[in-house]
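The values are calculated or read from the model by the stated rules, or taken from the named source; none is laboratory data. All values reported here derive from a predicted model rather than from experimental measurement. Cβ placement follows ideal geometry from the backbone for every residue including glycine, while neighbour counts extend to all protein chains displayed.
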Amino acid sequence: MLTQAQEKGFIDDYKGVRISGTGKRFLVEQAIVWNVVGTEGEQIGQAATFSRWTFL
C-alpha cells in the first residue's frame, strides 16, 4: 500500500487493520494516503486520513 501510494502519489481505497496509541486494534476503510513533499520537491513522508473505522 505504501509503495503504491509512493509510485502513484496517492491511493484512495486503503483498507486495513491499525493499532491505536492505546493498543486497541481497529479496521480502517476507504482511507486516503498521499505523499508529503518538501518545498524543494523532496519526499518527506506519507500522510493519511479516514472517516470510517471499526474497533475490533
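Scanning the stretch 9-20 for residues that are of a type outside the set (Ser, Thr, Tyr) and at pLDDT 85 or above yields Phe10, Ile11, Asp12, Asp13, Lys15, Gly16, Val17, Arg18, Ile19.
Just so you know, in the stretch 14-38 the residues that are of a type outside the set (A, V, I, L, M) and over 16 Å from Thr54 (Cα atoms) include one that is nearest to the chain's Cα centre (by Cα), and it is Trp34.
All told, Ala5 meets the bar of being modelled with pLDDT under 90, of a type in the set (A, V, I, L, M) and either assigned to a loop (DSSP other than H, G, I, E, B) or touching a strand residue (DSSP E or B) at 6+ places or on another chain (Cβ under 8 Å) (or both). The C-beta contact set for the stretch 8-20 (first residue in contact (Cβ under 8 Å) with a residue 24 or more places away in the chain, second residue in a loop (DSSP other than H, G, I, E, B) and not polar (S, T, N, Q), distance under 6 angstrom, 6+ apart or interchain) comprises Tyr14/Met1. The set of residues from the stretch 21-50 being part of a loop (DSSP other than H, G, I, E, B) and either closer than 24 Å to Thr3 by Cβ or charged (D, E, K, R) (or both) comprises Lys24, Gly38, Glu40, Gly41, Glu42, Phe50.
Being of a type in the set (Val, Ile, Thr) and either within 13 Å of Leu56 (Cα to Cα) or surrounded by 13 or more Cβ atoms within 10 Å (Cβ to Cβ) (or both) is the filter here, so list the residues in the stretch 9-25 that pass it.
Filtering the stretch 9-25 for residues of a type in the set (Val, Ile, Thr) gives 11, 17, 19, 22.
Matches in the stretch 9-25: Ile11, Val17, Ile19.
Given the criteria on the phi < 0 side of the Ramachandran plot, among the hydrophobic types (A, V, I, L, M, F, W, C) and surrounded by 13 or more Cβ atoms within 10 Å (Cβ to Cβ), does Val28 qualify? It is true that Val28 is on the phi < 0 side of the Ramachandran plot, among the hydrophobic types (A, V, I, L, M, F, W, C) and surrounded by 13 or more Cβ atoms within 10 Å (Cβ to Cβ).
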